[in-house]
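Participant: Can you read through this structure? Questions will come right after.
The values are calculated or read from the model by the stated rules, or taken from the named source; none is laboratory data. Because the structure is a prediction, the values reported are computed rather than measured. Cβ coordinates were reconstructed from backbone atoms using ideal geometry, including for glycine residues, and neighbour counts include every protein chain displayed.
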Amino acid sequence: MKLLELSGIGKRFGGLNALTDVSLHIGRGEIYGLIGPNGAGKTTLFNVITGLYQPDSGEFNFNGKRYRAAKPHVLAGAGIARTFQNIRLFANLTALENVMIGRHVRTRSGVMGSIMNSRAMRLEEKACRDKAGELLNLVGLKKPHQTLAKNLSYGEQRRLEIARALAMEPLLLALDEPAAGMNATETENLKELIEGIRNAGITVLLIEHDVKLIMGLCDRVAVLDYGRKIAEGVPDEVRNDPQVISAYLGVDGE
Amino acid sequence: MEIFLQQIINGLVQGSVYALVALGYTMVYGILGLINFAHGEVVMMGAMVSLSALSLMAGLPPLVSLPLSLLLAVAFCMLLGYGIERIAYRPLRHAPRLAPLITAIGVSIVLQNLAMLIWGRDYHSFPQLFANHAHRMAGAIINDIQLAIVVAAFLMMAGLMLVVHRTRLGRAMRAVAENQHAAQLMGVDVNRVVSVTFMMGSALAAVAGVMVSANYGLAHYYMGFLLGLKAFTAAVLGGIGNLRGAMLGGLLLGLIESLGAGYIGDITGGFMGSQYQDVFAFLVLIAVLIFRPSGLLGERLAERA
Amino acid sequence: MPNAHEAGIFKRQRRRILLAAILLVLPFAVDGILGRGWLRIVDFAMLYIMLALGLNIVVGYAGLLDLGYIAFFAVGAYCYALSASPHLALAFPQLFPDGVHLSFLIVLPAAALLAGGMGVLLGAPTLKLRGDYLAIVTLGFGEIIRIFMNNLNAPVNLTNGPQGISRIDPISIAGLSLNATQRIFGITLPSVHLYFYLFLCFAGLVVFVSQRLEKSRIGRAWMAIREDEIAASAMGINTRNLKLLAFAMGAASGGISGTLFAGFQGFVSPESFSLMESVMVLCMVVLGGMGHIYGVILGGLLLALLPELLRHSVLPMQQALFGKTIIDPESLRMLLFGIALILVMLYRPAGLWPSRVRRRELSSDERPDETA
């Protein structure tokens with residue numbers, strides 16, 4: 001059962017080929033890792049998957065439907081949620097509001113309902129608020145839910161971003177370097193959180209620099225180098241792939 | 001045919017001025033990603049200062065007083081541009097996008113009203129320093145001032161291109177425009193580059209201001225607003241952030257406006273006349289934004305995050 | 001806890017009743033203490049507050065800079081001026097020998113729709129691009145509208161050019177003309193009082209709608225766009241449509257204010273809709289506190305009354321000091337506005353009266369960072 005399937009994806013920026021002929025698929029319920037040296041095209045691929053960039057070539061299938069030049073909000077509605085490498089929260093809104101905004105695609109109240117304060121709207125608003133609170137507890141945000149996002153610590157902001165993405169009830173949760181800047185304990189907590197998310201039935205796509213985390217968490221891993229996929233497979237295979245060692249692990253001397 | 005040629009000449013003259021002003025918008029945008037709303041007022045200030053300088057030096061021979069007053073206006077505007085950036089934009093470089101836009105509006109209002117307090121609400125006439133010979137060209141007329149405007153504008157644009165592409169400073173400017181952070185890591189003093197950019201843009205604006213008022217023989221505290229709006233349109237038409245685009249856009253807009261105003265009466269069967277000239281720039285702006293938001297020579301903007 | 005909560009509701013309700021009472025008595029107090037001229041000024045201030053509240057939806061909530069907002073006000077004003085005055089008899093004597101005299105209640109929704117529709121037309125091509133473009137396009141639009149108002153007097157006299165349209169019908173609702181003194185429930189209400197209450201109703205409506213939207217899914221989506229457009233679109237928010245919605249709602253609200261303005265003043269001319277008016281309304285929003293309704297009302301009130309105060313203080317002061325007028329209050333006012341815009345953005349970006357969340361944020365910024 002494939003949830004996401006990319007074939008022959010290419011993306012150019014001016015003269016630079018950021019992605020060349022990338023094909024991969026992610027099965028339902030998998031934790032799929034994406035690694036590669038800096039500038040290998042991981043984030044570009046991520047942006048293609050979430051609709052921020054339109055690919056120049058290739059095919060994009062998600063949940064049995066083909067998407068062409070789809071906008072981010074369309075893909076979000078289809079069930080792809082993401083976090084950002086350089087955290088992009090709504091800084092001047094509260095933690096609770098941030099998560100409630102994540103519920104946008106799964107709620108419907110419009111202008112008239114809001115002005116009339118209709119019963120349906122009040123019920124939905126309450127459900128939305130409750131759900132947002134639950135999610136904040138789930139990711140383990142200890143500070144009051146009314147704290148402004150920008151006043152949270154770095155690790156808390158990372159977790160708030162995950163809660164906000166989970167609020168969208170996604171089929172695929174795409175995490176862009178969620179462990180960046182975390183200490184060992186925080187990373188361990190994150191690992192448990194991601195496993196919990198998978199056990200709740202959500203497919204996870206993970207970009208990470210922390211090779212140990214990736215290898216310990218992912219079912220399958222793909223390696224990008226210079227915009228091309230050079231290897232794919234279960235972590236042990238990839239770890240021993242000579243191309244990967246020379247392109248990535250070798251360079252880092254790990 | 002003669003009318004057509006005449007409109008082309010008028011368009012080229014007006015377009016050269018637009019191009020100079022548009023360069024200021026595009027340079028700042030290229031480097032900071034910011035629309036300097038106050039730029040039109042810098043043009044106005046240039047015109048006003050040169051005018052005051054000219055009237056102070058009324059006794060001197062025009063060959064001395066004109067270059068001197070031009071120099072004074074350029075120096076004043078460079079200082080003004082530097083000050084605007086330091087006061088209104090630099091502290092907000094990492095603030096939400098709305099903030100520098102609002103301060104820019106503030107600066108623009110302040111300059112306009114300061115000018116009104118200093119120079120009053122009246123139109124000031126630009127003194128005629130030289131005999132302004134008219135030359136006949138295939139039935140159309142071009143006079144000395146117009147000729148000088150076109151030649152000077154092209155010389156300045158060529159000079160700017162040389163600076164940007166052939167000097168160390170120009171390389172630093174392009175580096176900052178490409179990636180501010182990386183440029184900083186490479187040892188480029190970003191703040192200095194930004195200041196210099198503002199000053200260069202303002203110098204061009206000062207010259208443009210003198211040109212406009214010499215051409216029309218008038219200067220006015222309110223002249224910067226519409227001129228700024230049109231020059232910005234020119235920058236967008238050519239592809240904002242692109243220097244060649246600004247020049248091309250300026251000239252094109254000048255031509256469109258001039259031809260449009262010349263023929264609108266015929267097109268609408270007399271319903272609309274040349275008083276609608278100012279509408280064309282706006283229509284061009286809207287059309288560009290709908291059909292080619294990146295402009296003629298620009299890269300795609302909408303996708304840039 | 002529930003008791004504290006109930007007490008809070010009770011307290012809020014008491015405050016509301018008090019506020020309503022003050023507003024009801026206000027015209028009599030102003031009329032009695034300061035005179036009828038000042039009540040007229042207060043009426044105009046109410047119109048400005050409505051404008052500022054409408055612009056607040058665009059700038060404060062959705063974070064879009066609209067620099068030609070007054071154009072929508074103009075659309076509303078000319079809409080009423082043309083459809084409730086003898087003017088069109090000049091252009092179409094056969095068709096409308098007495099001009100057009102439609103009821104205010106018919107023109108009002110039409111004007112709101114027309115202004116909103118123009119907002120959509122203008123916003124659709126621009127709002128998918130970066131915010132700066134909207135600022136420029138609206139700036140241009142404001143100017144274009146003025147050019148048309150100034151020049152559409154020939155060959156067919158639609159707008160009467162710079163002279164403007166006069167003899168506009170006063171607003172009358174259910175046969176009750178607001179231009180005459182009326183006796184209601186034994187209370188004598190002069191025209192300015194009546195207009196005050198009418199404007200109060202509409203301002204209240206805008207406040208009500210703004211408040212409801214602010215705390216709704218739509219309002220949250222607007223604020224998400226304001227904070228980070230890319231993150232907002234990744235949350236599944238259709239940023240273009242929601243920006244368009246904010247823009248159109250702001251425009252419609254401007255159109256409503258314009259209609260009221262035309263009916264109240266009985267005369268419209270292009271002069272009332274200059275760029276400076278747009279800047280003034282923007283100033284009200286920014287100075288008061290973007291996104292905070294009460295802040296915006298305060299900003300509107302301050303800035304609408306400021307010119308009057310300047311006129312009553314600066315002129316006599318200069319006369320006394322220098323024996324002549326050196327700085328006329330009008331340009332001094334604009335100069336102050338410009339300086340205020342810069343200073344507020346630099347030092348107090350949340351405005352004079354920020355919302356509670358913002359206030360908390362300001363105070364928390366002063367505390368040393370706990371997490372560091």
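Participant: Tally the residues that are more than 19 Å from residue B:218 (Cβ to Cβ) and assigned to a helix (DSSP H, G or I), restricting the search to segment B:129-151.
Facilitator: 3
Participant: Taking segment A:68-88, which residues are of a type outside the set (Ser, Thr, Tyr) and touching a Leu at 6+ places or on another chain (Cβ under 6 Å)?
Facilitator: The answer is A:72, A:79, A:80, A:81.
Participant: Limited to segment C:240-268, what total is found for residues that are touching a residue at least 60 places away in the same chain (Cβ under 8 Å) and either within 14 Å of chain A (Cβ to nearest Cβ) or more than 18 Å from the chain's Cα centre (by Cα) (or both)?
Facilitator: Going through segment C:240-268 one residue at a time, the tally reaches 13.
Participant: How many of the residues in segment A:201-213 are within 23 Å of residue A:39 (Cα to Cα), at pLDDT 90 or above and over 14 Å from the mean Cα position of the chain (by Cα)?
Facilitator: Adding up the residues that qualify gives 0.
Participant: From (1) surrounded by fewer than 15 Cβ atoms within 10 Å (Cβ to Cβ); (2) farther than 30 Å from residue C:60 by Cβ; (3) modelled with pLDDT of 90 or more, pick out the condition that doesn't hold for residue B:122.
Facilitator: (3)
Participant: Now for a different question. Tell me which residues, restricted to segment A:134-164, are surrounded by 17 or more Cβ atoms within 10 Å (Cβ to Cβ) and either more than 15 Å from residue A:93 (Cα to Cα) or without any contact (Cβ under 8 Å) to a residue 12 or more places away in the chain (or both).
Facilitator: A:135, A:139, A:141, A:151, A:155, A:158, A:159, A:162
Participant: What's the number of the only condition in (1) within 14 Å of chain B (Cβ to nearest Cβ); (2) surrounded by fewer than 24 Cβ atoms within 10 Å (Cβ to Cβ) that residue C:69 fails to meet?
Facilitator: It fails just one condition, (2).
Participant: Residue check, residue B:201 against (1) touching a Ser or Thr at 6+ places or on another chain (Cβ under 8 Å); (2) crowded, with 18+ Cβ neighbours inside 10 Å; (3) modelled with pLDDT of 90 or more, all met but one. Which one?
Facilitator: (1)
Participant: Let me ask something else. Name the residues in segment A:29-78 that are assigned to a loop (DSSP other than H, G, I, E, B), closer than 18 Å to residue A:7 by Cβ and of a type in the set (Lys, Arg), would you?
Facilitator: A:68
Participant: For residue B:187, indicate whether it is closer than 24 Å to residue B:89 by Cα and assigned to a loop (DSSP other than H, G, I, E, B).
Facilitator: Considered against the rule, which asks whether it is closer than 24 Å to residue B:89 by Cα and assigned to a loop (DSSP other than H, G, I, E, B), residue B:187 comes out as yes.
Participant: Picking from C:124, C:110, C:135, which residue would you name as being hydrophobic (A, V, I, L, M, F, W, C), surrounded by fewer than 20 Cβ atoms within 10 Å (Cβ to Cβ), closer than 30 Å to residue B:96 by Cα and touching a residue at least 24 places away in the same chain (Cβ under 8 Å)?
Facilitator: From the options C:124, C:110, C:135, the qualifying one is C:124.
Participant: I would also like to ask the following. Considering only segment C:189-199, state which residues are part of a helix (DSSP H, G or I) and either over 13 Å from the mean Cα position of the chain (by Cα) or farther than 13 Å from residue C:257 by Cα (or both).
Facilitator: C:191, C:192, C:193, C:194, C:195, C:196, C:197, C:198
Participant: Give me the residue from segment C:165-186 that is touching a helix residue (DSSP H, G or I) at 6+ places or on another chain (Cβ under 7 Å) and of a type in the set (Gly, Ala, Ser) and, out of that set, surrounded by the fewest Cβ atoms within 10 Å (Cβ to Cβ).
Facilitator: C:180
Participant: I'd like to check something: does segment B:271-284 contain any residue that is within 7 Å of another protein chain (Cβ to nearest Cβ), farther than 15 Å from residue B:233 by Cβ and surrounded by fewer than 18 Cβ atoms within 10 Å (Cβ to Cβ)?
Facilitator: Yes, segment B:271-284 contains a residue that is within 7 Å of another protein chain (Cβ to nearest Cβ), farther than 15 Å from residue B:233 by Cβ and surrounded by fewer than 18 Cβ atoms within 10 Å (Cβ to Cβ).
Participant: Could you pull out the residue among C:358, C:311 that is in a helix (DSSP H, G or I), within 18 Å of residue B:96 (Cα to Cα), at pLDDT below 85 and not β-branched (Val, Ile, Thr)?
Facilitator: Result of the check over C:358, C:311: C:358.
Participant: What about residue C:155, is it of a type outside the set (A, V, I, L, M, F, W, C) and within 22 Å of the chain's Cα centre (by Cα)?
Facilitator: So residue C:155 fails the test.
Participant: Against the definition (free of Cβ contacts under 8 Å to residues at least 24 places away in the same chain and in contact with an Asp or Glu (Cβ under 6 Å, 6 or more places away or on another chain)), how does residue A:114 come out, yes or no?
Facilitator: No; evaluated as a whole, the condition is false for this residue.
Participant: To continue, here is another question. Please state which one of C:51, C:64 is assigned by TED's automatic domain parsing to the domain that holds residue C:261, among the aliphatic types (A, V, I, L, M), in contact (Cβ under 8 Å) with a residue 40 or more places away in the chain and not in a helix (DSSP H, G or I).
Facilitator: It is C:64.
Participant: Also, I was wondering about something else. May I ask you to say which residue of A:47, A:61 is closer than 24 Å to residue A:208 by Cα and surrounded by fewer than 19 Cβ atoms within 10 Å (Cβ to Cβ)?
Facilitator: The match here is A:61.
Participant: Where residues in segment B:85-100 are surrounded by fewer than 16 Cβ atoms within 10 Å (Cβ to Cβ), more than 10 Å from chain C (Cβ to nearest Cβ) and at pLDDT 90 or above, which of them is nearest to residue C:132 (Cα to Cα)?
Facilitator: Among them, the one singled out is B:90.
Participant: Further, regarding this structure: List pairs: first in segment A:210-229 and farther than 19 Å from residue A:198 by Cα, second of a type in the set (Lys, Arg) and crowded, with 20+ Cβ neighbours inside 10 Å, Cβ under 9 Å, 6+ apart or cross-chain?
Facilitator: Hits for this filter: A:223/A:229; A:224/A:42; A:227/A:11.
Participant: Inside segment C:215-236, can you point out the residues that are more than 7 Å from every other protein chain (Cβ to nearest Cβ) and in contact (Cβ under 8 Å) with a residue 12 or more places away in the chain?
Facilitator: C:219, C:222, C:225, C:226 - these are the residues of segment C:215-236 that are more than 7 Å from every other protein chain (Cβ to nearest Cβ) and in contact (Cβ under 8 Å) with a residue 12 or more places away in the chain.
Participant: Would you be able to say whether some residue in segment C:202-212 is touching a helix residue (DSSP H, G or I) at 6+ places or on another chain (Cβ under 7 Å), closer than 23 Å to residue C:24 by Cβ, more than 14 Å from chain A (Cβ to nearest Cβ) and touching a residue at least 60 places away in the same chain (Cβ under 8 Å)?
Facilitator: Yes.
Participant: Any residue at all in segment C:276-284 that is within 14 Å of chain B (Cβ to nearest Cβ) and in contact with a Cys (Cβ under 9 Å, 6 or more places away or on another chain)?
Facilitator: The answer is no; no qualifying residue exists.
Participant: On to the next question. Only helices (runs of 4 or more DSSP H) wholly contained in segment A:96-200 count here; list those with 3 or more residues that are more than 11 Å from chain C (Cβ to nearest Cβ), more than 16 Å from the chain's Cα centre (by Cα) and more than 26 Å from residue A:80 (Cβ to Cβ).
Facilitator: In segment A:96-200, A:119-138, A:184-199 are the helices (runs of 4 or more DSSP H) which contain 3 or more residues that are more than 11 Å from chain C (Cβ to nearest Cβ), more than 16 Å from the chain's Cα centre (by Cα) and more than 26 Å from residue A:80 (Cβ to Cβ).
Participant: Any idea which residue in segment B:135-190 is farthest from residue B:17 (Cα to Cα), counting only those that are surrounded by fewer than 13 Cβ atoms within 10 Å (Cβ to Cβ) and β-branched (Val, Ile, Thr)?
Facilitator: The qualifying residue farthest from residue B:17 (Cα to Cα) is B:167.
Participant: Okay, moving on. Among the residues of segment A:175-200 satisfying the criterion of being of a type in the set (A, V, I, L, M) and exposed (fewer than 13 other Cβ atoms within 10 Å of the Cβ), which is modelled with the lowest pLDDT?
Facilitator: Applying the filter and picking the extreme gives A:184.
Participant: Still on this structure, please answer the following. Criterion first (assigned by TED's automatic domain parsing to the domain that holds residue C:229, surrounded by fewer than 19 Cβ atoms within 10 Å (Cβ to Cβ), modelled with pLDDT under 90 and not aliphatic (A, V, I, L, M)) does residue C:92 satisfy it?
Facilitator: yes
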